[in-house]
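Down below is the structure, laid out as structure tokens.
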Amino acid sequence: MVILLSLVVPVAVATWLVTAGRALTHRAVNRIAGVASVVTLVAVLLAVLTRPTVDRAWVPALGLRWEFAVDGISAPLLLLTAFLGVAVVLHSRDRVPAGGTSGAFHACLLLVEFGALATFYARDAVLFFIAFELVLVPMWVLITRFGDSHRPAARADAGGRFVLYTAFGSTLMLVGILALVSQAGTSDLDVLARGAGHGIPVHTQVVIAALLVAGLAVKVPVFPVHTWLPPAHTIAPTAGSVLLAAVLLKMGTYGLVRLPLASLPEGFAKVAPVLAVLGAVGVVWGGLACLVERDLKRLVAYSSVAHMGFVAIGLASGTRTGLQAALFANIAHGVISALLFVVVGGLKERWGSADLETARAAVREVAPRLGFALIVGLAASLGLPGLAGFWGEFLSVYAAWSPAADRPHAVFATVAVVAATGTVLAAAYSLRVARVVWAGDRAQPFIEDSRGHEWQVAWALVAATLALGVAPGPLLALTRDTVSTIIGAGP
């Protein structure tokens, strides 16, 4: 029942807020959404601890079932989604949304949480696709209706890009899923993983894996299909940017694990070098873009492209270490990006824009709490040891340097060198932001420091960033057994 509870509560409350919650005040709506998100978090915690399953017939004639379960791959992502579901509602408590009713805004937040949780729970490939697509609608509404109220044309452009790119990726993913289900004779993801593509010709595996990787690469996003992400982040409200970076992007990498990597290992092995090369290019491209980007929110968005490049490299390596590195980097990026978007969103609200060329007071002088959170986020983003960003990126580079036996070692060694170079770029752009925003060269004009619910959210994310960096063991242990089942007991 805890799985069903964690799904029914957010979607039921969201539906009620849209249909009957228009007359409520912002505080009342936020309080209701907050209770729903906390109940969902508790239910998810119980689901991760007890590992229940749901298996009911859905469309018997087609062999489709309502199948939900929890394992070591999905558990960290479920916890991250539920935790951030509470965080974005809490963060929005003192912020009346522009462009629409508070009920619609909070309903979109809860619907994104519902769709993401259903995606991570799903054990049926078709159900996975449907849950994945459900998330895109409320996110589009957050971008186009509740985004930057001063830039309506930019909202329309960002929303249009979001729809066109993700619809294109969804089409490729759907064709790949239908081809996989047709060839394997089942849509059960656990059965597909146990079968590992046996009985499907290698050339067919390669075609299906290529379709799935191409479609999911748009969702991650991987270079060069990443250009929808910076406009979406720039325009979206802070809560939308947090969910987009910390949850939606993770659904793409999760799909790569569940579908081509686990279900078609031989076919994925042929496609993996291309994915690794594109991931490495994304690391460098994102870093270079951050060095010259003037808008602070776009800069954080481009840094996400770079960080997700490390995830792609880890997945492509074909090793147990690489997959664990990718899964760790996934969660670490979710926490770090959420922290940075909370801080940057707060600065944009106070400044009126996020233009780095505008002279402003040093944040360390006028808003030390925001400054502290910013420095922690930047240090974690550049991969400083002792913080969350270090382990996933370091292990991804190591995995690329020592890939699986069926990967081209020269290609992956080059990828490792290029990705390591990207960490230097990360240090350069992080220090650039720290110099301009945190250190500064003036003490005026004054801005209000972080406090209340904004500081509570920022503090929790700072604590998570430190905890993952100092003690990576629990997260790695949580994913270890399932990773060994997918990859084997190798290095």
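Read the figures in this text as sums done on the coordinates, not as results from a lab. Predicted model only: the values in this text are computed from it and were never measured. Here the Cβ is made from the backbone with ideal geometry for all residues, glycine too, and neighbour counts use every protein chain on show.
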> Applying 1/(1 + (r/R0)^6) with R0 = 22 Å to the Cβ-Cβ distance of residue 42 and residue 133, what FRET efficiency is obtained, to the nearest 0.05?
Replying inline: 0.20
> Once you put a point 7 Å from the Cα of residue 31 and another 7 Å from the Cα of residue 164, both along the Cβ direction, what distance in nm separates them?
Replying inline: 4.5
> What length, rounded to one decimal in nm, is gained on full extension from residue 456 through to residue 61, with 0.36 nm per residue of separation minus their alpha-carbon distance?
Replying inline: 137.2 nm
>> Can you show me the helix-derived [θ] at 222 nm for the chain, built from DSSP H runs with n ≥ 4 at -39,500 (n - 2.57) apiece and divided by the number of residues, rounded to the nearest 500.
In response: -24500 deg cm²/dmol
>> Positive end of the dipole of the chain, charges at C-beta (+1 Lys, Arg; -1 Asp, Glu), about the Cα centre: which of 49, 253, 425 has its Cα farthest in that direction?
In response: 425
> By what distance, in whole Å, do the Cα atoms of the stretch 263-396 stretch along each of the three principal axes, largest value first?
Replying inline: 55, 27, 21
>> Restricting to DSSP loop positions (anything but H, G, I, E, B) with no more than 12 other Cβ atoms inside 10 Å of their own Cβ, which trypsin sites (Lys or Arg not before Pro) remain in the stretch 227-299?
In response: 294
> Between residue 182 and residue 414, what is the FRET efficiency for a Förster distance of 35 Å, r being their Cβ-Cβ separation, to the nearest 0.05?
Replying inline: 0.45
>> Just checking my list [x] 70, 61, 46; [y] 68, 55, 41; [z] 71, 52, 45 against Cα extents along the principal axes in Å computed from this structure; which label fits?
In response: [y]
> Quick one: putting +1 on the C-beta of Lys and Arg, -1 on the C-beta of Asp and Glu, what dipole do you get for the stretch 247-314 around its Cα centre, in Debye to the nearest 20?
Replying inline: 140
> So for the chain, taking the charge dipole from beta-carbon charges (+1 Lys/Arg, -1 Asp/Glu), which of 235, 192, 408 sits furthest toward the positive end?
Replying inline: 235
> By how many nm would the segment from residue 355 to residue 49 lengthen if fully extended, with 0.36 nm per residue of separation less the alpha-carbon distance?
Replying inline: 105.7 nm
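Assigning unit charges at the beta carbon (Lys, Arg +1; Asp, Glu -1) and nothing else, what dipole magnitude in debye, to the nearest 20, does the stretch 2-487 show about its Cα centre?
560
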>> Below 8 Å between Cα atoms, with a sequence gap of 6+, how large is the relative contact order for the chain in percent?
In response: 15
>> Starting from 0.36 nm per residue, how many nanometres of slack lie between residue 149 and residue 405 once their C-alpha separation is accounted for?
In response: 86.9 nm
> Out of every Cα-Cα pair in the stretch 355-417, what percent are more than 15 Å apart?
Replying inline: 66
> When N is the residue count of the stretch 50-195, what does its C-alpha Rg come to as a fraction of 2.2 N^0.38 Å?
Replying inline: 1.21
>> Among 339, 484, 167, whose Cα projects farthest towards the positive end of the dipole of the chain, with charges put on the beta-carbon of Lys, Arg (+1) and Asp, Glu (-1)?
In response: 339
>> Testing the spin-label approximation: label points 7 Å from Cα along Cα→Cβ at residue 288 and residue 12. State their distance in nm.
In response: 5.3
